[in-house]
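What follows is a short report on a single structure.
The values are calculated or read from the model by the stated rules, or taken from the named source; none is laboratory data. What you see is a predicted model, and the numbers here were worked out from it, not measured in a lab. Every residue, glycine as well, gets a Cβ built from its backbone with ideal geometry; the counts of neighbours run over all protein chains shown.
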Amino acid sequence: MPNRDHHEKPFDDGTLIKLELFEKYMESWIPVWIHRRGIFQIFDFFAGPGYGKNGAPGSPIRILTKIGNYADTMIKNGVKAVVYLNEFKHSKLTRLIDNCSEFMKKNVKTAKVVNVVYTSEDKDALFDRHQDSLRQFPSLVMLDQNGIDYISPDYLHKLSSLQRVDTLIFVPSSYFTRFGMTPEFGNRIDIDVEALREDSPSNVHRNLIDQLNNLIPANSRLTLYPFTIKKSPNIYGIVFAATHPLAVEKFLDISWKLNTLNGEANFDIDNEVGRPDTDLFGSPLSKRKLFEQQLEEFLRSEEESTNLKVYHFCLKFGHPKRHANEFLRKLKIDGKISYTGSQPTVKLVKTKSEIKQIKWTGP
Ligand SMILES: C[S@@+](CC[C@H](N)C(=O)[O-])C[C@H]1O[C@@H](n2cnc3c(N)ncnc32)[C@H](O)[C@@H]1O
């Protein structure tokens with residue numbers, strides 16, 4: 001598998017969107033933990049030197065910047081962050097330490113709330129070494145690997161047993177169609193390469209995620225979600241892995257803001273632009289319209305549903321709850337459903353009293 005050095009040229013658009021997605025996820029993840037006294041952790045196992053060749057911040061500097069934005073609240077609430085930065089290449093590790101130390105000198109408040117732990121280990125040793133702390137503290141894990149190791153069934157099984165760990169894994173997905181038959185790939189992951197090759201190259205990342213979801217133990221709550229990144233001529237992608245619905249909700253909110261058309265790629269993955277918004281002429285519906293059609297069918301078949309059931313329906317189909325709330329309001333105006341109160345409030349309800357009944361009243 002090709003292994004060019006990521007830091008020998010400026011970050012390209014695909015790399016920048018990967019970093020933006022990670023950054024946006026931190027923006028919504030960190031605030032969850034700053035109001036609870038204690039520790040949260042961010043792991044960057046493939047950290048790089050801190051900056052790209054053109055001076056753009058890499059993942060480690062983005063982590064420190066994002067945590068620093070909450071330094072005042074963290075100091076007030078007695079919250080600390082531990083950031084684990086691992087870089088295998090010693091020349092890069094030295095630059096990483098220099099760059100982060102320089103950053104901390106300039107950002108004194110950040111230095112007060114963050115403890116950075118630097119390591120230079122091979123990827124294989126890392127996950128197991130951190131198992132205990134991954135179980136103990138809420139953690140966000142960034143696996144910006146060059147290869148495919150962290151999507152192997154072995155790691156997916158390990159991730160599926162962790163409760164408060166959200167993970168973003170970068171995968172060079174189109175390499176599966178090129179090298180998937182080689183022992184280097186085949187010995188590590190049992191993927192149906194032929195099935196990947198039969199579909200359009202643009203779909204390789206989401207098809208890969210579908211196959212990986214089938215490798216997760218049935219009793220696990222871990223689910224994987226794709227975000228495809230096109231860097232011509234190759235297709236890469238982020239795999240988002242989490243067990244908690246609120247984590248998935250955050251990821252979907254972000255991915256649908258990054259791409260309002262399909263919420264799962266940095267391009268028009270389903271060729272939706274310019275397509276009519278009805279299926280009158282046999283053309284496929286837009287992703288949003290298709291979801292609405294499926295949701296309407298779901299409510300009709302259920303006859304009596306709830307805001308919580310609709311919430312889980314959204315996550316299953318990869319849509320933010322906002323899409324369901326907007327559509328439910330329209331269905332009510334059209335006289336097809338009724339619910340108590342003025343809003344459908346599709347959300348992860350915490351108490352029974354928050355559950356709203358949704359009744360099908362249409363034909
Ligand atoms: C895609 S880059 C990560 C980029 C980084 N997230 C950033 O924003 O700059 C992957 C990094 O993994 C490092 N690496 C290579 N082989 C490794 C191994 N066996 N174990 C851990 N890290 C490795 C590379 O030196 C490289 O810096």
Review point. Out of segment 70-81, which residues are surrounded by 15 or more Cβ atoms within 10 Å (Cβ to Cβ) and assigned to a loop (DSSP other than H, G, I, E, B)?
Key: TYR70
Exercise for review: Identify all residues within segment 113-128 that are surrounded by 14 or more Cβ atoms within 10 Å (Cβ to Cβ) and not aromatic (Phe, Trp, Tyr); write none if there are none.
Suggested key: VAL113, VAL114, VAL116, THR119, SER120, LYS123, LEU126
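Would you pick out the residues in segment 107-127 that are more than 9 Å from the ligand (Cβ to nearest atom) and either in contact (Cβ under 8 Å) with a residue 12 or more places away in the chain or under 13 Å from PHE43 (Cβ atoms) (or both)?
Quick first cut of segment 107-127, residues more than 9 Å from the ligand (Cβ to nearest atom) only: 107-119, 127.
Result: ASN107, LYS109, THR110, LYS112, VAL113, VAL114, ASN115, VAL116, VAL117, TYR118, THR119, PHE127.
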Practice item. Just name the residue that is nearest to THR15 (Cα to Cα) out of those in segment 103-131 that are part of a helix (DSSP H, G or I) and modelled with pLDDT under 95. Key: LYS123
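Would you check which residues across segment 132-180 are in contact with a helix residue (DSSP H, G or I) (Cβ under 7 Å, 6 or more places away or on another chain), free of Cβ contacts under 8 Å to residues at least 40 places away in the same chain and either under 24 Å from GLY38 (Cα atoms) or away from the ligand (no atom under 16 Å from the Cβ) (or both) and list them?
Step one: of segment 132-180, the residues in contact with a helix residue (DSSP H, G or I) (Cβ under 7 Å, 6 or more places away or on another chain) are 138, 140, 142-145, 148-149, 151, 155-156, 158, 162, 165-171, 173-174, 176-177, 179-180.
The next check asks that each one be free of Cβ contacts under 8 Å to residues at least 40 places away in the same chain; those that pass are 149, 155, 158, 176-177, 180.
Hits for segment 132-180 are LYS158, PHE176, THR177, GLY180.
A quick yes/no check of all residues on (1) among the charged types (D, E, K, R); (2) away from the ligand (no atom under 16 Å from the Cβ); (3) in a helix (DSSP H, G or I):
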residue: PRO10; (1), (2), (3): no, no, no
residue: LYS24; (1), (2), (3): yes, no, yes
residue: PHE46; (1), (2), (3): no, no, no
residue: ASN54; (1), (2), (3): no, no, no
residue: LEU64; (1), (2), (3): no, no, yes
residue: VAL83; (1), (2), (3): no, no, no
residue: LEU93; (1), (2), (3): no, no, yes
residue: SER101; (1), (2), (3): no, yes, yes
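Suppose we filter PHE127, PHE170, PHE185, PHE137 for residues that are in contact with a Leu (Cβ under 7 Å, 6 or more places away or on another chain) and in the same structural domain as ALA242 (by TED's automatic domain parsing); which single one remains? Spell out the reasoning first.
Numbers: PHE127 fails: in contact with a Leu (Cβ under 7 Å, 6 or more places away or on another chain); PHE185 fails: in contact with a Leu (Cβ under 7 Å, 6 or more places away or on another chain); PHE137 fails: in contact with a Leu (Cβ under 7 Å, 6 or more places away or on another chain).
Result: PHE170 is the single residue among PHE127, PHE170, PHE185, PHE137 that is in contact with a Leu (Cβ under 7 Å, 6 or more places away or on another chain) and in the same structural domain as ALA242 (by TED's automatic domain parsing).
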Practice item. Starting from segment 334-360, keep only residues that are assigned by TED's automatic domain parsing to the domain that holds CYS314 and part of a loop (DSSP other than H, G, I, E, B), then list their pairs with residues that are of a type in the set (Gly, Ala, Ser) and surrounded by fewer than 18 Cβ atoms within 10 Å (Cβ to Cβ) whose Cβ atoms are within a distance under 8 Å, requiring at least 6 positions of separation or different chains. Key: ASP334/GLY362; GLY335/GLY362; LYS336/GLY362; LYS356/GLY341
Point to revise | One residue from ASN307, ASN266, ASN262 being within 18 Å of VAL349 (Cβ to Cβ), touching a residue at least 12 places away in the same chain (Cβ under 8 Å) and surrounded by 15 or more Cβ atoms within 10 Å (Cβ to Cβ) | key: ASN307
Exercise for review: May I ask you to list the residues in segment 198-223 that are touching a residue at least 24 places away in the same chain (Cβ under 8 Å) and within 16 Å of the chain's Cα centre (by Cα)?
Suggested key: HIS205, ARG206, LEU208, ILE209, LEU212, ARG221, LEU222, THR223
**Study point:** Residue that is surrounded by the fewest Cβ atoms within 10 Å (Cβ to Cβ), among those in segment 310-347 that are closer than 28 Å to PRO226 by Cβ and of a type in the set (Gly, Ala, Ser)
**Key:** GLY318
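Only one of ILE148, ILE216, ILE209, ILE189 is under 18 Å from GLU87 (Cα atoms) and of a type in the set (A, V, I, L, M, F, W, C); which? So that I can check it myself, show each step before the final result.
Working: ILE216 fails: under 18 Å from GLU87 (Cα atoms); ILE209 fails: under 18 Å from GLU87 (Cα atoms); ILE189 fails: under 18 Å from GLU87 (Cα atoms).
Only one candidate passes the filter, namely ILE148.
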Point to revise | Positions within segment 209-229 being touching a strand residue (DSSP E or B) at 6+ places or on another chain (Cβ under 7 Å) and not polar (S, T, N, Q), in sequence order | key: ILE209, LEU212, LEU222, LEU224, TYR225, PRO226, PHE227, ILE229
Check your understanding: Looking at ARG178, ARG188, which is the one that is in a helix (DSSP H, G or I) and of a type in the set (Lys, Arg)?
Key -> ARG178
